[in-house]
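What follows is a single structure, written as structure tokens, with notes after it.
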Amino acid sequence: MPFKYVFLSIFLTFCIHANPSAQSLRGQVLDNHRLTPVQNANIREGASMSPIQVDSGGYFEIDASAMPPVLHLTIGSPAHKTLEIDVFKEDWGIGIQTFYLLTVGELEEMVHESLQLDDDSDGDLSGDVYSLLASSTNPLMRAVGFEFSAFRTKLRGLGNAFDQLGFNGFLLNDLDYGRIPFSYFSGLSVITRASRQYQSYRDDDSDFGSAGVAQWITADPSLYRSEFSVNAALSNRNYEHRFGLHYASGIHKNGAAWTAGVSRRWSGESFVPGAFYDAWGAYLGYAKPLGAGHLVKAMFVYAPVLRGKSSPATQEVFDLSGDLYYNAYWGYQLGKKRNSREVQTSAPLATFNLDLQISNNARLELGVMGTYAHRSDGQLDWNNAPDPRPDYYQKLPSAIEDITTAERVRQRWTSDPSVSQIDWVGLYNANYLNVRTIQNVGGDSTLSLTGTQAVYFISQRISDTREFEHFGKLKWQNKRHRLQMLYRLEWSHSDNHLRLDDLLGADFALDVEDFIDDPAKQHPDISQMNRVVREGDQFGYHYLVRSGRYSLYPAYQYLGRHLDVSLGGYWQYNEFQREGKLQNAIFPTSFGKSSTEGSSGLGAKVLATWKINGRNYLQANMALQQLPNRFEQTFVNPEWRGDVFTNLAKTGIALGDLSYYYRSPGLKWQLSAFAVAIDDQTVSKNFYLDDQLEQGVSSELADGSLVNAFYTGLDERHYGIEGSIELKLNSRLRVQAAGILGDYFYNSRPTLWLFDKFSTSSTQHTIYQRNYYVHGTAQQALSLGLRIELPGGGFATLTGNYLNKHFIELNPLRRIPEAVGELDPDSELFSNIIAQEELPQALYLNLFAIKYFRWLGQSFSASLSVNNLLDRRGLKSGGFEQYRFDYETRDPRTFPSKYYHFQGINYYLSLTARF
């Protein structure tokens, strides 16, 4: 049977005058590309735990008299991505509806399901045309998530601050910073298989949405058929090995189901020298019906990760080392590579969901979630000692005036790891030789201590966060009208401090801040002057943050025969309070509880889809949103003070897009035009401010200092068109393409506020940033691929990708009058200071293949992903201007830009067995 759409289709034959309550509803489940029956499909309606039986031909029947007016079907299989779809019972008719499932291999490529009419005609205008909201796919998400991901390309140029991540109805973006905790599910692809992704406030009943991409994961033990699977993989990317086990009980006679699994991904060293990776994962889930349409579900997820970081570098350092993946964070210790920046994350997550069928038309969903997130960021620190970083600019040949000495250093970079990498032996020796006697230990004049004091040590920035979330969602539907009210209550409590991890052979360290010149003010805690700290002790700073986020989301949806309309509202209130645990001598607000700061946000959206016929759709989408402020935008310097930034404004977003979709058996294409305005952003930064800039303003700032900085009034504009096309050449071969033509730029001259971290000094600058490009994403991107179906099951794709207009991050203090002084605006130096660097164009090939087969009566699948097939090395995947600048010589080459490089040819080979 020919089918109309490629990704997911649904075949409707209407019998307008039939009485649906007096008939069976018949359907069939097929593999999307092979068109073969999915014999082991698992079908469930609504919250029922009773599976709908599927025969060997993929056929099933449902008793219409026992079904509600709108059927919510969940269809999946061990080898396929789960499909969720609402179908009107009155429109089912006497024909057979065909449901097409994507294979798990396509999930690995981040392809998302699509549900289309399987019809040879242009669409019968006498019946329903199924909603594009439930049936369309966005190939651009696949291209951005898989093909362009190494270059950090973002849909519509919007950063992660505008994205969402949800799990079983819970919003996971953290309360203080809005960050997305992807590490929660590290390596647990089995439970993230059933996920929905929406772009730019598209409809989803889990939340109002966001300007960027919202991904909502549904992990339900009842969706997995009874099976035991084993997965093993080899790779030369961030990790080398992967091993995973998965078990699902299937649905027992009492309706209960449970699932469990473990995995590990690890590498002693990745393709970046000195970087390592060790990630574990485990999950346990249970679901059971309570009768009368009620359902209870519980999930536990735990995925701790330990990794060694990699560094960016300047072009000079890449040239000196001869390594495009040079990493300054490691050095040899006792003959082994040791990374100075280890990051550890762990966040056990537990969720509990209760679904209650209140009536035939109304349903109440409730949920509670708890998590304890730990993050520690290690770094090499020093006190009153030379900078130990091997790529510190004063150690490089370009900074050495004597030609002979510079050449000697250049030669040693190629032959001596103690020069080109961290000299761990030298650091230990410096500590061994630093014998000191400390008087007045802890502020006690009678106490003294003699021993080796650490001038080099490893510290850990610790953040321990407990979060609790509760949501309630009331859904009511009467034929074509849907109403929903969602509330969400979130609380978090975070403990933030420094911990001394390794003294590098010394006996102790002294808890003082050497950026502070006055010895009387160097102590983070004046109640313990000259405090001696040892391994495992807290030091430096210590503060708590208590946060709350409260949200309401009312929504209405009308699903007509040829017009769908969705309306949504949004209200959110954020509140947070800092409590300092140490009293320093500089800021009176450092100790104790601050005032509770609050901020509210509002939003509204409308989405209309004109379903012209079964092949043509026109969709208009508009949204307005005002975001409440977050903790990191509100407090000036929470590590040392409890003061609030008073020049804070709320970020406003206005978004609109117009899209046209065409679907036919052999051709599918879509084209969208979009415009996004983001105004009054407040963005916080921390960096080292060079001396000379603030002469005459403040002695503390003029001498060079660590600063806390805030952009205010930062406006962006994101305009563009995006589209995709898929042409079916024959039953096995098709061409796929996706492209973005964007124009993302800054539309204001923001103010940059500078606050000295260790004094009350502050200043501000107007940043001449209007019309500079938004950094961190390619603004032009094209993906063109050829896909072939393999005999016996499976497919292969070969994709060429092109990226252009990719700009690096700006140093704002090079776009102020003080940076150019009296220079001639037509001079080359003037241009070099203010020009924005564009990365070279990128052109590369990716290959993906997956094959299904049976051996010894069991099911297997093998997949291979090869990126950068032509091994094009030297492509820069990202970069930034250093926030340092020489205001005396005004030469930007003193502190040149730093870059990351695209990995050469790399692979991921995976084998899965199902029993």
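Summary table
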| item | result |
| --- | --- |
| Unit charges on C-beta of K, R, D, E only; dipole of the stretch 144-278, Debye | 300 debye |
| Sites L843 and L552, calculated FRET efficiency, Cβ-Cβ separation with R0 56 Å, nearest 0.05 | 0.70 |
| Residue-wise HN-Hα coupling along the stretch 887-904, computed from phi with Karplus coefficients 6.51, -1.76, 1.60 (Hz; x: Gly, Pro) | 7, 8, 8, 6, 9, x, 6, 4, 10, x, 5, 10, 9, 10, 10, 5, 5, x |
| Which of Y392, Y660 has the fewest Cβ neighbours within 10 Å, and the rest in rising order | Y392, Y660 |
| Qualifying lysines (Cα of each under 18 Å from Cα of K253; at least 8 residues distant if same chain) | K288, K297 |
| Taking the stretch 149-217 and dividing mean pair separation by its residue count, relative contact order in percent (alpha carbons under 8 Å, at least six apart) | 39 percent |
| Distance (nanometres) between label positions extended 7 Å along Cα→Cβ at Y428 and D871 | 3.8 nm |
| Distant-in-sequence amide H partners of N637 (H built 1.01 Å from N, under 5 Å) | D643 |
| Sum of -39500 (n - 2.57) over DSSP H runs of 4+, divided by residues of the chain (222 nm, nearest 500) | -1500 deg cm²/dmol |
| Structure-derived Cα Rg over 2.2 N^0.38 Å - corresponding label in (i) 1.08; (ii) 1.01; (iii) 1.18 | (ii) |
| Positive dipole terminus of the chain, leading residue within W258, S724, F539 (C-beta point charges) | W258 |
| Charge dipole (the chain, unit charges on Cβ, about Cα centre) - positive-most of F631, F148, L847 | L847 |
| The chain, relative contact order [Cα under 8 Å, separation at least 6], % | 9 percent |
| Aspartates and glutamates with Cα under 16 Å of K479, excluding same-chain neighbours fewer than 8 positions away | D86, E90, D91, D128, D564 |
| Centre separation in Å (Cα based) which lies between the stretch 209-223 and the stretch 383-430 | 49 Å |
| Part-to-part distance (alpha-carbon centres) for the stretch 769-833 and the stretch 553-626, which is given in Å | 29 Å |
| Total charge dipole magnitude, the chain, about the Cα centre, Cβ charges on Lys, Arg, Asp, Glu only, Debye to nearest 20 | 3060 debye |
| Calculated FRET value between Q315 and L667, using beta carbons and R₀ = 45 Å, to 0.05 | 0.45 |
| Per-residue Cβ neighbour rank within 10 angstrom, fewest leading, E407, E809 | E407, E809 |
| Exposure proxy order (Cβ contacts within 10 Å, fewest to most) of T98, T799 | T98, T799 |
| Residue list for the stretch 522-561, given a label point 7 angstrom along the Cα-to-Cβ vector of R436 and an amide N cut-off under 11 Å | 530-533 |
| The stretch 140-180 residues near the modelled R237 label - backbone nitrogen below 19 Å, point 7 Å along Cα→Cβ | 140-155 |
| Relative contact order of the stretch 603-915, pairs being alpha-carbon contacts under 8 Å that are 6 or more residues apart, as % | 11 percent |
| Pairs of Lys in the stretch 603-915 closer than 21 Å at Cα, counting only those 8 or more apart or on different chains | 10 |
| FRET efficiency for A260 and E822, using Cβ-Cβ distance with R0 set to 56 Å, rounded to 0.05 | 0.20 |
| Cα lying deepest toward the dipole's positive end in the chain, options L864, A778, N804, charges on Cβ | L864 |
| Local electrostatic count at L648 - Lys and Arg +1, Asp and Glu -1, tallied over other residues with Cβ under 13 Å | -2 |
| For V38, residues with placed amide H under 5 Å, excluding near neighbours | V29, L30, D31 |
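Values in this text are rule-based calculations from the coordinates and carry no lab data. It should be emphasised that the depicted structure is a prediction, and the values quoted were computed from it without experimental measurement. Cβ atoms come from the backbone with ideal geometry, glycine included; neighbour counts cover every protein chain shown.
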